[in-house]
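Novice: Sharing a structure below in structure tokens format, with a few things to ask.
Every read-out reported here was derived from the displayed coordinates using simple, explicitly stated rules and does not represent laboratory data. The structure presented is a predicted model; accordingly, all values stated were derived computationally and were not measured. Please note: Cβ atoms are built from the backbone with ideal geometry, for glycine as well, and neighbour counts cover all protein chains shown.
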Amino acid sequence: MSIFVLKLTPSEVIHLLRSETRAAGGAPELNITIQKEYLIEEEFDYAAYGVTNPAEFDLVTSTAKLTVEPRVESGYWVLETLVERKIGALQRKDEFGMTPSILSLDEFEAEVKALGSKEISVRLITQENEGREDFDKWLAAVQSRQGGWKMSKDNDAHRAAANRTLALSVATIWSVGAAIYFGNGSLFNVKPPESEHASAESHAKVVAAATEATPAAPAAPAAPAAPAASSAAASSSDELLTLSKDPKQWVMPTGDYYNQRHSGLKQITPDNVGKMQPAWQFSTGVLRGHEGAPLVIGDVMYLHTPFPNIVYALDLKDPSHQILWKYEPKQDPSVVPVMCCDTVNRGLAYGDGKIFLAQADTTLIALDAKTGKLVWSVKNGDPSKGQTSTAAPHVFKDKVFVGIAGGEFGVRGHITAYSVKDGKQVWRGYSMGPDADTLIDPDKTTHLGTVVGKDSGVNTWQGDQWQTGGGTTWGWYSYDPELNLVYYGSGNPSTWNPNQRPGDNRWSMTIWARDLDTGKVKWLYQMTPHDEWDYDGINEMILADQDIGGAKRKTLVHFDRNGFAYTLDRTNGELLVAEKYDPAVNWATKVDMDKSSKTYGRPQVVDKYSTQHNGEDTNTQGVCPAALGSKDEQPASYDPATGLFMVPTNHVCMDYEPFRVSYTAGQPYVGATLEMYPAGKVLGDGTNHTGNFIAWDAKAGKIVWSNKEQFSAWGGATSTDGGVTFYGTLEGYLKAVDTKTGKELYKYKTPSGIIGNVTVYESGGKQYVAVLSGVGGWAGIGLAAGLSKSNEGLGAVGNYASLANYTALGGVLTVFALPE
Ligand SMILES: O=C(O)c1cc(C(=O)O)c2c(n1)C(=O)C(=O)c1cc(C(=O)O)[nH]c1-2
Ligand SMILES: [Ca+2]
């Protein structure tokens, strides 16, 4: 993969498009992104045009329009050109933040031709072109003519120029995104939002249709059993604890406070699950990646979608599952380009008669569960600075907790507690910064049993770097009511270039235990000090009481992106077990468990796979796991009967090349180019699958059984008292396995790939299993783009079938049950 900045003549552009990209059968053979040279927005006098909110407009030249061509067949490329710096017109953005001038290739070519002999500045991002003689020759000729250069290898002046370019436009997120590839496709979503649809207009139509679909029987049916907002004096703590113990309902995104995602229902068993059938389905009207799972409170199911984050309340008592109410937030779509990994949202929370939604634009809202009316709303962040929300809110006791996303934009992470009653902020704890910000007590807060001392979130950074240090909080949270502690993990330090941020970068990549009422930090454990691979530490913390070494311990179990599964004593943060849960993991040999050692609790990093050791602009190859980890956000479940953890995993490795970047608020702050491929390529074992579904013994730190999955298992697991565990797969199967043995007992191909989790509930005396399909998320987009054509890197491990050959976009809820 290389990035070039070139000046091309129109005929060269056309050559590139026609002969290079369309060699075979009209499908692009080369993976090429051409982007405009971005305008310096500051130079433009918006006021002179009477514009008060520049964010609503794109600048368009007098001679050429912003042009975008959507994905061509299974591959895709994006074309944009902007020929002159002179501003000729302003064009209002559409509701997705895009100027809707989408041209066909023919129209584009006509427009390029009309430019005569003018040169066009392009950023050319290529993947598998290198090594193709004709392309190399052509490129060499262009480069020698104009002294062209290659971004990842050439000199600082060029890089500075490129960074300046990067800093100048929101749209540049595409170019940074394009620099991060999964196989031969883009990993971060380099496409403008509508390129996944036929066009901006058609996407608009889809959304409009969904809006029109707002049901609502003029006389809306009386909402059953959902409690009214702010009803009685019953504290939401009691209410939620009680409700979560009723296996008929699914009242939290995590199943229960402990994040066990286990259902007490047992009508569906290994003996009868083979007869399970879809009972009913519901289209969400939204196309992109559907993470999370519906809630079931009483006789009402609450369903959410990715951006624009529609909320539906469905009547479970009604055989036709009428929509009781629908809420669609009004959000500025300019948030979409600053969402790193698809426009996902991981779900809703319930408490005190309200449904809580953390909108993509960071607005936290409380809706009356009965009517869908807005009760209160509060702004938790600022998307213009790259701050977004993808995580589900979590209600613990009388507070609702929300995090922030944007680690790829230099956002400093924080967790915030709001009162469920009125949305008043109770406390906020940052991931880094002075103790007053982090709510760390220098004399009391411990790390592996030792007090951390003053301002540990500042003095483990160079200068002010902690201010843009990342450590975002976009995962799942859990709560122990007896200890009154809230647990969660913080994400990657920013930038992804470790050479640029010396120090341990505390407290990124850390497990946190905070007091629910004050936010004060009881203990911390930093799993990946000074991260060099983007192993965000945000995965769920599962609380379970287990016998370890003959004693009952209150444990916390965490499957980290870095490939280690940790078992800790959740009362004090003592590290009990840290073992690899994918044997492919190679970046560290082990975690030092010797309490007397200077490196106690630290991973023992292997130089060969250290992107810090190998340095900037060096491509470190064969690192396992890849940046998306041995597991990403897809949550595991705990089965109390067997004591096993059911874990959906990734089996992927990577090449990682860090490069220098500069920080600009609201702009990508990534600083690395990546390639990913099946772990089998590194292991040399002839396999090419990219996922496993495993059972883990967290007491011993051992895999009990492991099932290969063709694709990374990006959907969450739910175990049940029936002895069956459910999960969904990227190609769209809802699967049921025997919790004890892993034997696959049932699978059903749903309409789209599954990256959501599984809700198990009972209605009318019958057990149901519900899951959202809708492929997307980081892996979904990468696979969908990456596997659509052959790739030299992946070719080494054999034929890797395309996800695009198995599934397509589209949000659908499928609810399963045993036949009558
Ligand atoms: O650092 C961050 O703030 C941040 C945010 C998100 C997100 O909000 O979805 C992801 C990531 N990082 C990330 O590293 C990652 O692997 C990832 C995968 C996904 C997904 O939904 O599939 N989101 C994110
Ligand atoms: Ca991240």
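Novice: Under a crude label model (7 Å from the Cα following the beta-carbon direction), how far is residue 702 from residue 272 in nanometres?
Specialist: 3.5 nm
Novice: Here is a further query. Looking at this model, which pairs from 424/520; 245/554; 266/399 are more than 22 angstrom apart at the alpha-carbon?
Specialist: In this structure, 266/399 exceed 22 Å between Cα atoms.
Novice: Once you have the Cα-Cα distance between residue 459 and residue 238, take 0.36 nm times their residue separation minus that, and quote the gain in nm to one decimal.
Specialist: 75.4 nm
Novice: Taking H placed 1.01 Å from N in the peptide plane, check which residues at least 5 places from residue 523 or on another chain put their amide H under 5 Å from its amide H.
Specialist: 446, 513
Novice: If packing is taken as the mean number of other Cβ atoms within 10 Å per residue, what is the order of 706-713, 594-601, 452-459, highest first?
Specialist: 706-713, 452-459, 594-601
Novice: Right, next: Rounded to the nearest 0.05, what FRET efficiency do residue 552 and residue 426 give with R0 = 45 Å and r taken as the Cβ-Cβ distance? Could you check? If you can, show how the numbers build up before the last one.
Specialist: On the way: r = 33 Å, r/R0 = 0.73.
That pair, residue 552 with residue 426, gives E of 0.85.
Novice: Order the peptides 528-537, 298-307, 658-667 from the highest to the lowest mean number of other Cβ atoms within 10 Å of their residues.
Specialist: Details: 528-537: 26.5, 298-307: 24.4, 658-667: 20.0.
Descending mean neighbour count gives 528-537, 298-307, 658-667.
Novice: Related question: Any idea what the dipole of region 637-702 comes to, in debye rounded to 20, about its Cα centre with Lys/Arg Cβ at +1 and Asp/Glu Cβ at -1?
Specialist: For this selection, approximately 140 debye.
Novice: Follow-up question, since we're still on this one. Show me the trypsin sites (Lys or Arg not before Pro) within region 245-282 that DSSP assigns to loop and that have at most 11 other Cβ atoms within 10 Å of their Cβ.
Specialist: Those satisfying the criteria are 245.
Novice: Turning to a different aspect of this structure: Return the subset of 326/735; 354/631; 326/631; 590/743; 330/370; 580/708 for which the Cα-Cα distance in this structure is over 23 Å, preserving the input order.
Specialist: 326/735; 354/631; 326/631; 590/743
Novice: Ok, one more. Charges only on Cβ, +1 for Lys and Arg, -1 for Asp and Glu: so what's the dipole of region 529-604 about the Cα centre, in debye to the nearest 20?
Specialist: Rounded to the nearest 20 debye, it is 320 debye.
Novice: Give the long-range amide H neighbours of residue 672: residues separated by 5 or more places, or on another chain, with amide H under 5 Å away, using H modelled in the peptide plane at 1.01 Å from N.
Specialist: For residue 672, the qualifying residues are 659.
Novice: A follow-up question, please. Which value, in debye to the nearest 20, gives the size of the charge dipole of region 548-704 about its Cα centre, when Lys and Arg are +1 and Asp and Glu are -1 at the Cβ?
Specialist: Rounded to the nearest 20 debye, it is 620 debye.
Novice: Then there's this: Can you pull out the trypsin sites (Lys or Arg not before Pro) in region 325-408 whose DSSP state is coil and whose Cβ has at most 15 other Cβ atoms within 10 Å?
Specialist: 330, 373
Novice: Between region 555-580 and region 482-520, what's the alpha-carbon centroid distance in Å?
Specialist: If you average the Cα positions of each part, the centres end up 15 Å apart.
Novice: By how many nm would the segment from residue 749 to residue 384 lengthen if fully extended, with 0.36 nm per residue of separation less the alpha-carbon distance?
Specialist: Full-extension gain reported as 127.4 nm.
Novice: Now, a different point. Could you check the simple spin-label distance between residue 245 and residue 317, using points 7 Å along Cα→Cβ, in nm with one decimal?
Specialist: About 2.5 nm, to one decimal.
Novice: Please list, ordered by chain and number, the residues whose modelled amide H lies under 5 Å from the amide H of residue 702; skip anything fewer than 5 residues away on the same chain.
Specialist: Close amide H contacts, sequence-distant or interchain: 697.
Novice: Once fully extended, how much extra length lies between residue 137 and residue 687, figured as 0.36 nm per residue of separation less the alpha-carbon to alpha-carbon distance?
Specialist: Gain on extension, residue 137 to residue 687, equals 194.5 nm.
Novice: For region 666-680, what does the Karplus curve 6.51 cos²θ - 1.76 cosθ + 1.60, with θ = phi - 60°, yield as ³J(HN,Hα) per residue in whole Hz, taken in order and with x for Gly and Pro?
Specialist: Result, ordered by residue: x, 10, x, 9, 9, x, 7, 10, 10, 9, 10, 7, x, 4, x Hz.
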